[in-house]
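Heads up: the structure comes next, in structure tokens.
Where a number appears in this text, it was derived from the coordinates with a stated rule and is not lab data. Every value quoted in this text rests on a predicted model; they were computed, and no experiment measured them. Every residue, glycine as well, gets a Cβ built from its backbone with ideal geometry; the counts of neighbours run over all protein chains shown.
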Amino acid sequence: MTRRRYSLTALALALGFAAGGPAAAQAPADWSELPVHEVTLFWPGQASLQWLRSDEHAGGAQVAAGMACRTCHKDDAAELGRSIVGGGPLEPRPIEGKKPVIDLRVQAAHDDENLYLRFQWATQNPYPGVAHPHWRFDGEGWERWGAPRLHPDVWQEGGPAIYEDRLSMMLDGGSVPAFAEQGCWLSCHNSMRDMPDEPNADKVKAHPLLGEVLGKSDVRKYLAASRADEDANWEATKTPEEIAGIKVDRGFADLMQWRAHRSNPVGMADDGYVLEYRLSDAGQPVFTSNWDKDAKRPKYMFDAVKTGYRSRRADEIVERAEAGALILGENTVPFDPDLDWTEGEMVPQYVLSRAQASGSAADNMEVLGTWEDGTWTVVWVRPLDTGEPDDAVLDPGSTLTVTLAVHDDNITTRGHHVSFPLTLGLDVEADITVRKVD
Ligand code: HEC
């Protein structure tokens, strides 16, 4: 494959906002001068907060009392991953060849404006996970093609496993109860997708907050602090007023995801938060659905004048190094139903736009991953203070908690490798020390 290297300045130039636009952030020119923090990400299976607090977990009573995971699991993250990944009570659906552990290298720096992070990890496959499910024409209509590995279409039906690679991070400046001790497990529960006791869609749709207010049909991440009962059951949501109060006090986990198909092709990461659900920050996110619900067909297709094709076929998507993403205003035209579509033609399920992304949802405007020789390198620029009420604030001199996760090899939901909570210190000694650079 062709080798591509971008600097963020080159990205800014390529995207056309260097001259006259906002000044491009100055990520460290030479990362080799900054210390490397090695973080062990392990396969957690279905180790939900409910399981961790139960008798089935040897530290159950202590977790329920708020004790930190690392009090007992100081150096055994890799061991946990190895013990879980092959199958057992915490992994009912083992995936052949899945790695128990991913070693993540993290480097960090900041200046007066921004936090700069650089992440590196090896992918399981000899190609980057840049493909994502598509809409496929079957001769009559358009159907979803491709699914993540934990989906029955893949493990039961033998369909193609397709899903983007991701690097996710959650940040908390100290306002989420017990986050420093138990990190992302405070957001991981039974009843979520691919976890034990998933409720059916109708039950979620009938829920007064998740269904009727938020319009959801499944359960995703939420913080224990958003629930009124001791088990942090998905149904036991606090009142909208209580939840709004927690949000004002920044009692949410700031969750950002770099996505190999749905954000990286336009040099961004998304920006969301976890409180009563996993929600996007206010504003317009970097990617939106490419589905016209009423007409039951895609909204956009590739612009053949610019790309040479209007659609692609499976063999042009699977195990490829190019994301093949639809980018609004760059390689798309509105979908034309009158063309002579033939069976097997496909277009991506999502469409990206850097230009239309706006508000707090678009705070991560300079995040770029490159894949080379089996390794992703993601350089991330994050404003220290976005000025938005739905983000964590990174004050120099302060220590925050960060938790990190990687989705590798065509998978989503719980199929990630995760870290125990880590301290992130700005000019303060921490698990990840963020030094000031000029
Ligand atoms: C009081 C000590 C203690 C605390 C606190 C604790 N654990 Fe454990 N945990 C254990 C022991 C002991 C075991 C069983 C031995 C082992 O597998 O290491 C265990 C097992 C596990 C396992 C199962 C591994 C397997 O082989 O199935 C997971 C996953 C786990 N712990 C995660 C966590 C997480 C996440 C936290 C924090 C939310 C946590 N633990 C907090 C003591 C503790």
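Name the residue from W371, L117, A357 whose Cα lies farthest towards the positive end of the charge dipole of the chain, charges +1 on Cβ of Lys and Arg and -1 on Cβ of Asp and Glu.
W371
Which aspartates and glutamates have a Cα lying under 12 Å from the Cα of K203, excluding residues fewer than 8 positions away in the same chain?
Straight-distance partners of K203: E212, D218, E235.
Go through K247/K299; K98/K221; K74/K205; K74/K221 and tell me which ones have a Cα-Cα distance over 31 Å in this structure.
Listed pairs above 31 Å: K247/K299; K74/K205.
Using unit Cβ charges (K, R positive; D, E negative) and no other charged atoms, how large, in debye to the nearest 20, is the dipole of the stretch 115-274 about its Cα centre?
520
With every atom except the alpha carbons ignored, what do you get for Rg and Dmax of the stretch 193-303, in angstroms?
For the stretch 193-303, the Cα-based Rg and Dmax read 16.3, 53 Å.
Under the definition of Cα pairs under 8 Å and six or more residues apart, what whole-number percent is the relative contact order of the chain?
23
Can you report the principal axis dimensions of the stretch 127-281 using only the alpha carbons, biggest first, rounded to whole angstrom?
51, 36, 24
Return, ordered by residue number, the residues of the stretch 237-253 whose backbone nitrogen is under 20 Å from a label point located 7 Å along Cα→Cβ of E212.
The answer is 237-245, whose backbone nitrogens lie closer than 20 Å to the label point.
Under a point-charge model restricted to the Cβ atoms of Lys and Arg (+1) and Asp and Glu (-1), what is the dipole moment magnitude of the stretch 359-414 relative to its Cα centre, in debye to the nearest 20?
Value, rounded to 20: 140 debye.
With a ≥ b ≥ c the root eigenvalues of the C-alpha gyration tensor of the stretch 336-429, is it rounded (a/c under 1.5), prolate (a/b larger than b/c) or oblate?
Taking the square roots of the gyration eigenvalues as a ≥ b ≥ c, the stretch 336-429 is prolate.
Given a 10 angstrom Cα cut-off, can you work out which residue in L223, L41, L80 is the most mobile in a GNM of the chain?
L80
Give the dimensionless ratio obtained when the Cα radius of gyration of the chain is divided by 2.2 N^0.38 Å.
Normalised Rg, Cα atoms only: 0.97.
Could you give the size of the charge dipole of the stretch 34-161 about its Cα centre, using +1 on the Cβ of each K and R and -1 on the Cβ of each D and E, expressed in debye and rounded to the nearest 20?
I would put it at about 220 debye.
With a cut-off of 8 Å between alpha carbons and a minimum separation of six or more residues, what is the relative contact order of the stretch 60-159 in percent?
13
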